[in-house]
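Here is the structure we will look at.
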Amino acid sequence: MKVTPTEIPDILLLEPRLFYDERGYFMEFFSQRKLEALLPNIHFVQENQSLSGYGVLRGLHYQLPPFAQSKLVRVVLGSALDVAVDIREGSPTFGKYVATLLSKENHLMMYIPRGFAHGFLALEPNTIFQYKCDNYYSPDHEASIAWDDPTIGVEWGMARSKLIVSDKDKNLPSLMEAPHFLKDQKLY
């Protein structure tokens, strides 16, 4: 598996090795042993999947301690612009984001550590998005930031009029109003 750090070095892009033959291909997209060698503090406990139509924007979501989550995300069908925003106070990249195209064709996965908000925009109909989490979901610890916060300035690449955003995600606080992860907070 090829591992590439992004502009925010804590966020990693993982590219599995594909083995092709006349039948198609085979790939190993997850191995706990290989993951432990790369990220020794991570043990995934939950896997989620969503189906989204073209233009569906989900995010920017995260969970607060003690239910903060690292995620390993990928697209199984279709394509999505995947976004992670650093919300760790005191981090040199606080408020900055990484955006990556994940698709059925490129097989890329993005590792997002605790301390980041996450969201994605489906770029094709019937986009299936999967993500592994290293902590369980807790509705009492969920938090979100406005996907269109001008302080962050995510370039989603689609006209606002074409976006499909849930009512819940339409009225989220700004980066500065939302709860953050504290500078010296132990996240693992």
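The values are calculated or read from the model by the stated rules, or taken from the named source; none is laboratory data. These numbers were taken from a predicted model, which means no experiment stands behind them. Cβ sites come from the backbone with ideal geometry, for glycine too, and all protein chains shown count toward neighbours.
Restricting attention to segment 136-158 and to residues that are in contact with a helix residue (DSSP H, G or I) (Cβ under 9 Å, 6 or more places away or on another chain) and in a loop (DSSP other than H, G, I, E, B), the residue that is surrounded by the fewest Cβ atoms within 10 Å (Cβ to Cβ) turns out to be Asp148. May I ask you to verify whether Ile164 is over 17 Å from Arg88 (Cβ atoms), aliphatic (A, V, I, L, M) and either at pLDDT 95 or above or surrounded by 13 or more Cβ atoms within 10 Å (Cβ to Cβ) (or both)? Yes. Could you tell me which residue of segment 1-29 is nearest to Leu72 (Cα to Cα), considering only residues that are more than 23 Å from the chain's Cα centre (by Cα) and modelled with pLDDT under 90? Selected residue: Phe26. Take Ala68 and tell me if it is within 19 Å of Val154 (Cα to Cα) and either under 16 Å from the mean Cα position of the chain (by Cα) or at pLDDT 95 or above (or both). No. Would you check if Tyr188 is modelled with pLDDT of 95 or more and aromatic (Phe, Trp, Tyr)? When the stated conditions are applied, Tyr188 does not pass them.
When Pro5 is tested against (1) within 25 Å of Ser138 (Cβ to Cβ); (2) touching a Leu at 6+ places or on another chain (Cβ under 9 Å), exactly one condition is not met: (1).
Look at segment 32-50: where a residue is on the phi < 0 side of the Ramachandran plot and touching a residue at least 12 places away in the same chain (Cβ under 8 Å) and a partner is exposed (fewer than 12 other Cβ atoms within 10 Å of the Cβ) and among the hydroxyl-bearing types (Ser, Thr, Tyr), sitting 6+ places away or on another chain with Cβ atoms under 7 Å, you get Val45/Tyr136; Gln46/Tyr136.
Take the conditions (1) in contact (Cβ under 8 Å) with a residue 40 or more places away in the chain; (2) part of a loop (DSSP other than H, G, I, E, B); (3) not polar (S, T, N, Q); Met110 misses just one of them, which is (2). Whether a residue is farther than 28 Å from Leu38 by Cα and of a type in the set (Val, Ile, Thr) was assessed, and Val98 does not pass this test.
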